[in-house]
1. Identify all residues within the range B:5-25 that are within 15 Å of A:Ile416 (Cα to Cα), within 7 Å of chain A (Cβ to nearest Cβ), surrounded by 19 or more Cβ atoms within 10 Å (Cβ to Cβ) and not aromatic (Phe, Trp, Tyr); write none if there are none.
2. How many of the residues making up the range B:289-306 are among the hydrophobic types (A, V, I, L, M, F, W, C) and buried (at least 18 other Cβ atoms within 10 Å of the Cβ)?
3. For A:Val455, only one of the following conditions fails: (1) part of a loop (DSSP other than H, G, I, E, B); (2) facing chain B (nearest Cβ under 10 Å); (3) within 29 Å of the chain's Cα centre (by Cα). What is its number?
4. Output yes when any residue across the range B:163-170 is surrounded by fewer than 14 Cβ atoms within 10 Å (Cβ to Cβ), under 26 Å from the mean Cα position of the chain (by Cα) and either in a loop (DSSP other than H, G, I, E, B) or modelled with pLDDT of 90 or more (or both), and no when none is.
5. Among the residues of the range B:72-113, which ones are in contact with a Leu (Cβ under 6 Å, 6 or more places away or on another chain) and either more than 16 Å from B:Tyr318 (Cβ to Cβ) or among the charged types (D, E, K, R) (or both)?
6. Report, by residue number, each residue of the range A:138-155 that is over 18 Å from A:His180 (Cα atoms) and of a type in the set (Val, Ile, Thr).
7. If I filter the range A:201-211 for residues that are within 14 Å of chain B (Cβ to nearest Cβ), part of a helix (DSSP H, G or I) and surrounded by fewer than 24 Cβ atoms within 10 Å (Cβ to Cβ), do I get at least one hit?
8. Regarding A:Lys182, is this residue without any contact (Cβ under 8 Å) to a residue 24 or more places away in the chain, basic (Lys, Arg) and away from chain B (no Cβ under 14 Å)?
Amino acid sequence: MLFNSFIFLIFLGVVLPIFYLLPNKRSKNLFLLLSSYFFYGYWDWKFCSLLAISTIVDYYLGKKLFNEQREKQRKIYLTMSMIVNLGLLGVFKYFNFFVDSFSNLTSNFGYDLDFLHLNIILPVGISFYTFQTMSYTIDIYKKQLEPTNSFIDFALFVSFFPQLVAGPIERASNLLPQLHHKLAPNKEQIQKGIVLIITGLFKKVMVGDTTGRYVDQLFGNPELYKSPELLAGLVLFSIQIYADFSGYSNIARGTAKLLGVELMKNFEQPYLSTNITEFWRRWHISLSSWLKDYLYISLGGNRKGKVRTYINLFTTMLLGGLWHGAAWTFVIWGGLHGIYLAIHKAILGNRKINISYRYTGIISLLNFSVKCIFTNILVLFTWLFFRVKSLAEAKYFLSKMIHWESSELTGIFIRITLTFVLVNFLIDFFEYKTNKHTPILLIPNYGFQYGILLVLLGTTLLYMFQSTPLPFVYFQF
Amino acid sequence: MKNILGFILGIIVCLIIVEAFVSNSFVMEKFIYVFDQEVGRIFRPNSEYVKFCEGFGIGSVNKYSFLNKEYPIEKPENSIRIALLGDSFVESFQVFDRHYFGRVMENILREKLKQPVEVLNFGRSGFDLGDCYVHYNTFVKKFNPDYIIYIFGDDDFSTRNSEPFLPIVKIEDDSLSIEKPQFSSKYIKKVKIKELIFSNCALINNSQKSKKLLKKDYIFSQLFDKLYPKTTETVENTETNITPKINITPKLELILSNLAQNNGYFFLRSNIELSNSKFTFHNINQIFENKDYNPHEWKITKTSGHWNNRAHKEIGGYLAKEMESIIQKRKIEAIHQEELSQELARIKTNFTN
């Protein structure tokens with residue numbers, strides 16, 4: 001079920017009143033669990049079994065891990081959890097990638113391994129919920145978390161529908177304690193929840209989906225288009241992926257708030273970052289913090305000298321790239337970010353970065369703007385590898401940038417691109433300035449707030465009614 | 001009171017910002033037609049469009065109210081001007097102008113004939129044979145084209161009159177006449193006000209468009225998604241093996257003969273068996289026989305309908321070839337005609353002497 005579809009709004013319209021009417025914690029959680037499985041099974045009921053496997057395995061292994069004192073046995077339980085979760089990911093997401101890559105290699109020696117290629121569909125959101133359940137087991141292994149005694153609470157933690165298919169990747173330490181209490185949203189949560197859903201829908205549908213229409217065409221047939229058009233396509237993609245994903249996260253957080261649950265922020269105006277390290281503190285925060293806590297630190301982090309720090313950063317980002325998709329283009333995307341981060345770390349040394357800008361004069365604004373633009377150019381370059389389907393396509397795109405050819409439609413493409421950039425910037429600007437994802441609520445006049453929300457919702461519903469919803473870009477991961 | 005005022009102000013301010021956004025990003029379309037006393041309805045001059053129907057088209061309506069590449073009404077002396085007339089397949093909102101079959105044909109002909117060639121796109125969605133006749137006589141004629149290419153599909157052999165504002169073709173005493181619909185000045189004023197609003201405000205234009213979608217089937221399929229499966233609509237099903245048989249009525253034949261008199265050439269975009277017509281119809285569809293792709297398939301949007309980019313390229317090449325031979329033939333005929341008249345003049349002079 002897509003958030004940007006009427007069926008989701010109907011689903012929410014049915015789930016919320018029943019949820020509010022249910023009397024106790026147990027019935028509320030059980031109902032939410034069933035609703036979450038319905039939400040997930042709406043794509044394909046068969047995938048619910050994977051979700052159930054991951055849940056059952058980690059629930060019991062978590063308990064075993066906690067009660068076990070022998071280190072060797074604890075390691076075995078942890079390994080079992082890793083094997084099941086990464087095994088699911090490996091089979092459904094990476095098997096064909098490794099088979100195809102290996103087959104390409106062996107074909108040079110006359111061995112064709114194409115018959116090993118499996119005809120399987122990637123289950124929606126598998127990367128998200130496997131990482132979430134893995135964090136539960138790892139935290140128990142690290143003795144940072146106690147396992148839950150309620151299977152329903154744990155199953156709901158894994159399958160909680162607002163964040164099930166595209167995050168934020170929640171930590172058990174944040175979500176589980178909330179589920180242990182009777183969920184009842186307060187007035188502020190309801191207010192913020194509604195605003196987040198409306199603004200998230202607007203971002204996803206009116207900015208994400210609409211840029212996506214341009215991007216799909218331009219990247220779908222790049223040989224038809226000229227250099228300025230393709231460059232506009234890349235800029236539009238950078239907006240699409242942000243609006244799409246951050247819009248989704250807003251809807252997820254808003255929906256959770258309506259259920260009385262607080263989810264972590266996933267985005268904090270990443271395109272207003274002045275350097276690449278800051279970018280990764282603002283972009284897909286739940287994943288970058290997961291990678292930092294469970295991969296980068298496990299590899300040694302910055303504790304084993306400068307060179308190892310750079311290698312660890314690079315490796316973490318490389319694997320982060322692979323998490324996004326089973327293709328070499330994602331590996332390059334992650335690798336490039338790894339290189340950027342390592343270089344920035346080398347430049348920074350022991351200095352800490354400042355992640356909030358305060359206006360102190362025109363020079364400081366200029367300095368901030370130049371740094372932002374430079375960071376955005378670096379990030380934009382990496383988006384190319386994120387969006388193309390193959391390395392050959394990336395090469396073609398780059399050759400078009402080098403052998404520049406003018407287009408009779410440059411003017412209209414500039415106009416379209418600048419409009420989207422401006423809208424995106426305006427939304428970010430207000431959020432950055434107020435340090436809130438719901439700056440509308442800071443307007444003192446309630447009438448004015450409702451007027452704005454009504455127009456945003458009306459326009460979004462109008463567009464949704466006229467068009468077919470585009471799936472979230474991150475669903476493929 | 002403060003809140004009510006704030007509510008109204010909030011709506012107005014937000015509507016202005018959203019309208020600026022959807023218009024400039026072409027997220028929502030504006031109305032691109034305008035009422036014209038003579039022609040009925042024409043494209044709004046100097047407007048731009050971005051279309052995502054099946055394919056991806058960005059273009060403009062030039063100041064003379066036809067699509068894309070602008071050519072003045074006065075035809076340069078040395079150039080050959082070809083007008084294209086037909087329905088949405090000729091209009092081709094699905095592709096960029098540089099990929100349009102007319103432009104492909106223009107470029108090839110320029111190179112082959114070594115002289116300026118101008119191809120003007122007068123296509124319009126829903127146009128049938130009757131509309132083409134009317135549009136030629138009320139609008140296209142003034143551009144003085146040397147050749148006119150008419151492209152018809154199996155549903156175009158009619159005089160249905162696709163739009164209420166367009167004049168209609170009538171037959172009286174074996175001759176054709178054009179009858180303009182009669183509207184009161186009050187009604188025309190109302191239409192013009194509506195057009196002004198719809199062509200300047202994308203939000204209102206799209207609300208209007210949504211009103212047209214308010215049909216049970218569409219509403220339910222949008223609301224209930226796969227719980228209420230939508231039946232997929234296709235403009236043309238090329239996989240069908242049944243060739244429609246069309247009987248050309250005397251009225252249609254008269255229209256065809258009138259169009260042919262002005263150097264009109266007829267092309268079919270689908271396999272049709274025509275009876276009772278003396279005219280030659282070139283079948284464009286034949287070029288796709290034995291091809292390994294479907295000319296109507298749009299892979300990115302997963303739809304089937306109008307010609308795709310690849311088909312446009314091939315059609316452009318095919319039409320260029322056909323038109324080249326027609327033009328060369330006409331040139332030879334003209335030379336023969338001139339030689340003949342010179343010979344006649346010479347004989348006449350000799351005879352007089």
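1. B:Val18, B:Ser25 - these are the residues of the range B:5-25 that are within 15 Å of A:Ile416 (Cα to Cα), within 7 Å of chain A (Cβ to nearest Cβ), surrounded by 19 or more Cβ atoms within 10 Å (Cβ to Cβ) and not aromatic (Phe, Trp, Tyr).
2. Here is the first cut: in the range B:289-306, the residues among the hydrophobic types (A, V, I, L, M, F, W, C) are B:298, B:300.
From what is left, the residues that are buried (at least 18 other Cβ atoms within 10 Å of the Cβ) are B:298.
Number of matching residues: 1.
3. In the conditions (1) part of a loop (DSSP other than H, G, I, E, B); (2) facing chain B (nearest Cβ under 10 Å); (3) within 29 Å of the chain's Cα centre (by Cα), A:Val455 misses (1) alone.
4. Applying the first criterion (surrounded by fewer than 14 Cβ atoms within 10 Å (Cβ to Cβ)) to the range B:163-170 yields B:164, B:170.
With under 26 Å from the mean Cα position of the chain (by Cα) added as a condition, the list becomes B:164, B:170.
Imposing the further condition that a residue be either in a loop (DSSP other than H, G, I, E, B) or modelled with pLDDT of 90 or more (or both) reduces the set to B:164.
Yes.
5. Step one: filter the range B:72-113 for residues in contact with a Leu (Cβ under 6 Å, 6 or more places away or on another chain), giving B:83, B:90, B:102, B:105.
Within the range B:72-113, B:Ala83 is the sole residue that qualifies.
6. Scanning the range A:138-155 gives a single hit, A:Ile138.
7. Going through the range A:201-211, the residues within 14 Å of chain B (Cβ to nearest Cβ) turn out to be A:201-211.
So of that shortlist, the ones also part of a helix (DSSP H, G or I) come out as A:201-211.
After this cut, where a residue has to be surrounded by fewer than 24 Cβ atoms within 10 Å (Cβ to Cβ) as well, the list is none.
No: the range A:201-211 contains no residue that is within 14 Å of chain B (Cβ to nearest Cβ), part of a helix (DSSP H, G or I) and surrounded by fewer than 24 Cβ atoms within 10 Å (Cβ to Cβ).
8. On the way: without any contact (Cβ under 8 Å) to a residue 24 or more places away in the chain: no; basic (Lys, Arg): yes; away from chain B (no Cβ under 14 Å): yes.
When the stated conditions are applied, A:Lys182 does not pass them.
The values are calculated or read from the model by the stated rules, or taken from the named source; none is laboratory data. Everything numeric here is computed off the predicted structure, so don't read it as measured data. For neighbour counting, all protein chains shown are included, and Cβ atoms are generated from backbone atoms with ideal geometry for every residue, glycine included.
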